[in-house]
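Colleague: Mind having a look at this structure? Questions to follow.
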Amino acid sequence: MIAEENSGGYVLHSRPWRETSLILELFTREEGRIAAVMRSARKVQGRSPTRPQPFQHYEWQLTGRRELKNLSQLELAGRPRILPPQHLAIGFYLNELLMRALSRMEAMPRLYDAYDQALALLADQNCNLFGLSRNFEQLLLQELGAAPDWLVTVEGEAVDLEGIYYLDPESGVSRVSSNGAKPVRGVALHALDSGDYSEPSVRREVRDVMAFLLQPHIGTAPLKSRELWLGTR
């Protein structure tokens, strides 16, 4: 008996498969990241079927018990979401983070809701792109169990705004340098805790700290979205 499931979510990535089909990487609230085949999804004899687009919320039917499912009855849920051109880069960056960091079939409803909200914010021309990116990165680290305590060192001391500290991806913030640890100012750690990135002097430092912490989870290969979001992040 073939298992059938009606659900919905977002398409993070698609790639051609065989002559006319696509393999889709989906992000759902109930099951997390899922791989599925969408058959007859590419141009055949001059006919171009509707191809699923990123950042749009879809409803679909999935069948199959294996890791690679079959997708059918794809329908747009609600009105199309249009992101301003300069915001598309951040949307692709979020997709790439999820593709690299998440295992398949592991539900993360809190992260899904944050992604859904981030896309809604990106549709606003006045969205704070830097703050949105950093906040999403932090939540991703929390869901992966890898977010440090920004304001308390591993020695149990409160982080001083004027202090210099060392950040280790596994142990957290310390007063003592260790092999592979990243130096970081206390003012940047406070900014990460509060989510207030208005001070220009800490923005680059905060961005670099998040990239440092994410690297063990997304790998060292260059981000394909980097060329797009280099001027917006």
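Colleague: Leu74: modelled with pLDDT under 95 and either in the same structural domain as Ser198 (by TED's automatic domain parsing) or in a strand (DSSP E or B) (or both), yes or no?
Modeller: Working: modelled with pLDDT under 95: yes; either in the same structural domain as Ser198 (by TED's automatic domain parsing) or in a strand (DSSP E or B) (or both): yes.
Yes, satisfied.
Colleague: While we're here: Could you please let me know if Leu167 is in the same structural domain as Met99 (by TED's automatic domain parsing), touching a Lys or Arg at 6+ places or on another chain (Cβ under 9 Å), buried (at least 19 other Cβ atoms within 10 Å of the Cβ) and assigned to a helix (DSSP H, G or I)?
Modeller: So Leu167 fails the test.
Colleague: Right, next: Can you list residue pairs whose Cβ atoms sit under 6 Å apart, with the first residue in region 107-132 being touching a residue at least 40 places away in the same chain (Cβ under 8 Å) and the second being basic (Lys, Arg) and outside any helix (DSSP H, G or I)? Count only pairs 6 or more apart in sequence or on different chains.
Modeller: Here the result reads Pro109/Arg29; Tyr112/Arg29; Ala123/Arg81, each pair linking region 107-132 to a residue that is basic (Lys, Arg) and outside any helix (DSSP H, G or I).
Colleague: Additional query: Looking at region 137-157, can you tell me whether even one residue there is within 22 Å of Leu88 (Cα to Cα), among the polar types (S, T, N, Q) and modelled with pLDDT of 95 or more?
Modeller: As a first pass, look at region 137-157 and keep what is within 22 Å of Leu88 (Cα to Cα): 137-140.
Applying the additional criterion that residues be among the polar types (S, T, N, Q) yields 138.
Subset that is modelled with pLDDT of 95 or more: 138.
Yes, some residue in region 137-157 is within 22 Å of Leu88 (Cα to Cα), among the polar types (S, T, N, Q) and modelled with pLDDT of 95 or more.
Colleague: Continuing with the same structure: Taking region 98-132 as the region of interest, how many residues are in a helix (DSSP H, G or I), out of contact with any Ser or Thr (no Cβ under 6 Å at 6 or more places or on another chain) and of a type in the set (A, V, I, L, M, F, W, C)?
Modeller: Number of matching residues: 12.
So that you can scan it fast, the table gives a plain yes or no per residue for (1) acidic (Asp, Glu); (2) over 30 Å from Ala191 (Cβ atoms):
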| site | (1), (2) |
| --- | --- |
| Glu19 | yes, yes |
| Trp60 | no, yes |
| Leu97 | no, no |
| Arg110 | no, no |
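Colleague: Mind telling me which of the residues Glu67, Glu19, Glu30, Glu25 ends up being at pLDDT below 90 and under 20 Å from Met108 (Cβ atoms)? Reasoning before the result, please.
Modeller: Numbers: Glu19 fails: under 20 Å from Met108 (Cβ atoms); Glu30 fails: at pLDDT below 90; Glu25 fails: at pLDDT below 90.
Exactly one residue qualifies, and that residue is Glu67.
Colleague: Sticking with this structure for a sec: Taking the conditions exactly as written (among the polar types (S, T, N, Q), in a helix (DSSP H, G or I) and without any contact (Cβ under 8 Å) to a residue 24 or more places away in the chain), does Gln138 satisfy them or not? Walk me through how you get there before you give the answer.
Modeller: On the way: among the polar types (S, T, N, Q): yes; in a helix (DSSP H, G or I): yes; without any contact (Cβ under 8 Å) to a residue 24 or more places away in the chain: no.
Here the answer is no, as Gln138 does not meet what is asked.
Colleague: Could I ask something else about it? Among the residues of region 77-97, count how many are assigned to a helix (DSSP H, G or I) and in contact with a Gly (Cβ under 9 Å, 6 or more places away or on another chain).
Modeller: If we filter region 77-97 for residues that are assigned to a helix (DSSP H, G or I), which is where we start, we get 85-97.
From what is left, the residues that are in contact with a Gly (Cβ under 9 Å, 6 or more places away or on another chain) are 86, 89.
Number satisfying all stated conditions: 2.
Colleague: Take the residues in region 219-233 that are crowded, with 17+ Cβ neighbours inside 10 Å and in contact with an Asp or Glu (Cβ under 9 Å, 6 or more places away or on another chain); name whichever of them is modelled with the highest pLDDT.
Modeller: From region 219-233, those crowded, with 17+ Cβ neighbours inside 10 Å are 223, 225, 228-229, 233; that's our starting set.
Cutting the leftovers down to in contact with an Asp or Glu (Cβ under 9 Å, 6 or more places away or on another chain) gives us 223, 225.
Numbers: Leu223: 89, Ser225: 83.
The selected residue is Leu223.
Colleague: Kindly provide the set of residues from region 122-133 that are farther than 23 Å from Glu205 by Cα and out of contact with any helix residue (DSSP H, G or I) (no Cβ under 6 Å at 6 or more places or on another chain), ordered by number.
Modeller: Step one: filter region 122-133 for residues farther than 23 Å from Glu205 by Cα, giving 122-126.
Ala123, Asp124, Gln125, Asn126, listed by residue number.
Colleague: Here's another thing I want to ask about it. Residues in region 169-206 that are hydrophobic (A, V, I, L, M, F, W, C), over 23 Å from the mean Cα position of the chain (by Cα) and under 23 Å from Asn128 (Cα atoms): how many? First the steps, then the outcome.
Modeller: Going through region 169-206, the residues hydrophobic (A, V, I, L, M, F, W, C) turn out to be 173, 176, 181, 184, 187-189, 191-192, 202, 206.
Now drop any that are not over 23 Å from the mean Cα position of the chain (by Cα), which leaves 173, 176, 181, 184, 187.
Okay, now just the ones that are also under 23 Å from Asn128 (Cα atoms), so 187.
Qualifying residue count, region 169-206: 1.
Colleague: Out of region 33-62, which residues are at pLDDT 70 or above and β-branched (Val, Ile, Thr)?
Modeller: Let us first name the residues in region 33-62 that are at pLDDT 70 or above, namely 33-40, 51-62.
Those that are at pLDDT 70 or above and β-branched (Val, Ile, Thr): Ile34, Val37.
Colleague: Tell me yes or no: at least one residue of region 172-182 is surrounded by fewer than 16 Cβ atoms within 10 Å (Cβ to Cβ), in contact (Cβ under 8 Å) with a residue 12 or more places away in the chain and among the polar types (S, T, N, Q).
Modeller: Yes, because at least one residue in region 172-182 is surrounded by fewer than 16 Cβ atoms within 10 Å (Cβ to Cβ), in contact (Cβ under 8 Å) with a residue 12 or more places away in the chain and among the polar types (S, T, N, Q).
Colleague: Something else about it: State all residues of region 188-202 that are crowded, with 18+ Cβ neighbours inside 10 Å and in a helix (DSSP H, G or I); if no residue qualifies, say none. Walk me through it before giving the result.
Modeller: Here is the first cut: in region 188-202, the ones crowded, with 18+ Cβ neighbours inside 10 Å are 188-189, 191-192, 197, 202.
Selection gives Ala188, Leu189, Ala191, Leu192, Val202.
The values are calculated or read from the model by the stated rules, or taken from the named source; none is laboratory data. It should be emphasised that the depicted structure is a prediction, and the values quoted were computed from it without experimental measurement. With ideal geometry, Cβ positions are generated from the backbone for all residues, glycine too; neighbour counts draw on all protein chains shown.
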